[in-house]
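The block underneath contains the structure these notes are about, expressed in structure tokens.
The values are calculated or read from the model by the stated rules, or taken from the named source; none is laboratory data. Given the structure is predicted, the values throughout are model-derived calculations rather than measurements. Glycine also receives a Cβ, built like all others from the backbone with ideal geometry; neighbour counts cover every protein chain displayed.
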Amino acid sequence: MTTARFDVAGIGNAIVDVIARTDDAFLTRHGIAKGAMTLIDGHRAKVLEDSLSETTVLPGGSAANTIAGLASLGGAGAFIGRVHDDWLGESFAGGTKAIGVHFDTPFAKDGAPTARSVIMVSPDGQRSMNTYLGASVELDEADVDAKLIGDAKILYVEGYLWDTEALKGAVRKAIAAAKAANRLVAFTLSDAFCVGRFRAEFVELIDNGDVDIVFANETELTSLYETTSFDEAFQNARATGRLFAITRSEKGAVICQGAAVHLIDATPDVAVVDTTGAGDQFAAGFLYGVAKGLPLAVSGKLGVLAAGEVIAHIGPRPQVSLKDLARSAGLI
């Protein structure tokens, strides 16, 4: 195996978060479901953006958030995702590079504008997300740099990319490139609705050995194996022999690979402000540990540490150095 340039290369939806603080009256006036994530079209996105007087614009997207967390730990990360040649695309690219993440997917000149999630933060901390997927779902095989993927120890794929044949083609090309370079492939189930749509295909990816590491929360795992029993779903996961990293909210996390099982406690005494991004950051910490060759139990603790940091504030990315936190905890 050749020396890797990156610890992790992520592929996912490239989304810009447009964040504003609003009151409940604003949500009512614009017909926004409080605390929910709603998919919207481009016209609706523009109407909402134009109604906001002051916004914060930040790069977002599930896999992109994970790679940002990896960078906060001091890891070397790269990201593949499609943005349009517009101001939000420039914002995504600039913000991604500013935190030390490699991003060189060519800007789309045609097609939909850059994806954005217009996020209203209520006084009680709830986030109401209105997401226009735009250019992100036009990612195709041409956007996948096989050499870049071969230069990473781990390829990380978000399950959200399974919605169109073109996206599936991009993912399959990325997985093939990783396997050809003898690299690991990590896959997140993303959400239970995503699992419900593509259960058979996700199970096939796991059973066939296309993926080596699977991230899931408790709900996603039970959906994957069509059971209401976590224990039953857990035993099904163990039987695959793949490495599963399973988050269970306040119960912490479970790491398993065949007969090996590690129970990781949640970070104690965290005042939960916003759970958005908790799974993304858990994946960041865990992947960092695996990429650095740390024991699975330590990798799990790094995941829990990163998730604990992000749920203590608004926003899906770390606000303090995860590297410093991990060092203080004696994990790295």
For the condition closer than 30 Å to residue 24 by Cα, free of Cβ contacts under 8 Å to residues at least 24 places away in the same chain and surrounded by fewer than 17 Cβ atoms within 10 Å (Cβ to Cβ), what is the one hit in 124, 110? 124
What are the residues in segment 35-45 that are more than 16 Å from residue 13 (Cα to Cα), outside any helix (DSSP H, G or I) and of a type in the set (A, V, I, L, M, F, W, C), if any? 36
Take the residues of segment 29-44 that are β-branched (Val, Ile, Thr) and under 14 Å from residue 127 (Cα atoms): which is modelled with the lowest pLDDT? 38
Could you tell me which of the residues 25, 4 is of a type in the set (A, V, I, L, M), farther than 22 Å from residue 277 by Cα and out of contact with any strand residue (DSSP E or B) (no Cβ under 9 Å at 6 or more places or on another chain)? 25
Does segment 304-327 include one or more residues that are among the polar types (S, T, N, Q) and surrounded by fewer than 20 Cβ atoms within 10 Å (Cβ to Cβ)? yes
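In the set 322, 287, which member is under 19 Å from residue 214 (Cβ atoms) and under 20 Å from the mean Cα position of the chain (by Cα)?
Being under 19 Å from residue 214 (Cβ atoms) and under 20 Å from the mean Cα position of the chain (by Cα) holds for just one of 322, 287, which is 287.
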Restricting to segment 63-102, name every residue that is more than 17 Å from residue 186 (Cα to Cα), outside any helix (DSSP H, G or I) and of a type outside the set (A, V, I, L, M, F, W, C). 74, 82, 84, 85, 86, 100, 102
Considering each residue of segment 105-152, count those that are within 22 Å of residue 68 (Cβ to Cβ), in a loop (DSSP other than H, G, I, E, B) and small (Gly, Ala, Ser), and give that number. 1
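For residues that are assigned to a loop (DSSP other than H, G, I, E, B) and charged (D, E, K, R), scanning just segment 1-34, find the one that is surrounded by the most Cβ atoms within 10 Å (Cβ to Cβ).
Among residues in segment 1-34 that are assigned to a loop (DSSP other than H, G, I, E, B) and charged (D, E, K, R), the one surrounded by the most Cβ atoms within 10 Å (Cβ to Cβ) is 5.
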Yes or no: segment 158-168 includes at least one residue that is out of contact with any Asp or Glu (no Cβ under 9 Å at 6 or more places or on another chain) and free of Cβ contacts under 8 Å to residues at least 12 places away in the same chain. yes
Specify which of the listed residues (48, 52) is more than 19 Å from residue 311 (Cβ to Cβ), part of a helix (DSSP H, G or I), among the hydrophobic types (A, V, I, L, M, F, W, C) and in contact with a strand residue (DSSP E or B) (Cβ under 7 Å, 6 or more places away or on another chain). 48
For residue 161, which of the numbered conditions (1) crowded, with 21+ Cβ neighbours inside 10 Å; (2) assigned to a helix (DSSP H, G or I); (3) modelled with pLDDT of 95 or more fails to hold? (3)
Look at residue 155 and say whether it is of a type in the set (A, V, I, L, M, F, W, C), in contact (Cβ under 8 Å) with a residue 40 or more places away in the chain and part of a helix (DSSP H, G or I). no
Of the numbered conditions (1) over 30 Å from residue 22 (Cα atoms); (2) touching a His at 6+ places or on another chain (Cβ under 8 Å); (3) not in a helix (DSSP H, G or I), residue 210 fails exactly one; give the number of that condition. (2)
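Residues checked against (1) touching a helix residue (DSSP H, G or I) at 6+ places or on another chain (Cβ under 7 Å); (2) surrounded by 22 or more Cβ atoms within 10 Å (Cβ to Cβ); (3) at pLDDT 95 or above; (4) under 27 Å from residue 328 (Cα atoms):
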position	(1), (2), (3), (4)
72	yes, yes, yes, yes
75	yes, yes, yes, yes
81	yes, yes, yes, no
85	no, no, yes, no
102	no, no, yes, no
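Run down 217, 182 and say which single residue is in contact (Cβ under 8 Å) with a residue 60 or more places away in the chain and in contact with a strand residue (DSSP E or B) (Cβ under 6 Å, 6 or more places away or on another chain).
Answer to the check: 217.
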Wholly inside segment 231-278, strands (runs of 3 or more DSSP E) that include 1 or more residues that are at pLDDT below 90 and either within 18 Å of the chain's Cα centre (by Cα) or crowded, with 21+ Cβ neighbours inside 10 Å (or both) are none
Would you please name the residue that is surrounded by the most Cβ atoms within 10 Å (Cβ to Cβ), looking only at residues in segment 35-70 that are charged (D, E, K, R) and out of contact with any Phe, Trp or Tyr (no Cβ under 8 Å at 6 or more places or on another chain)? 49
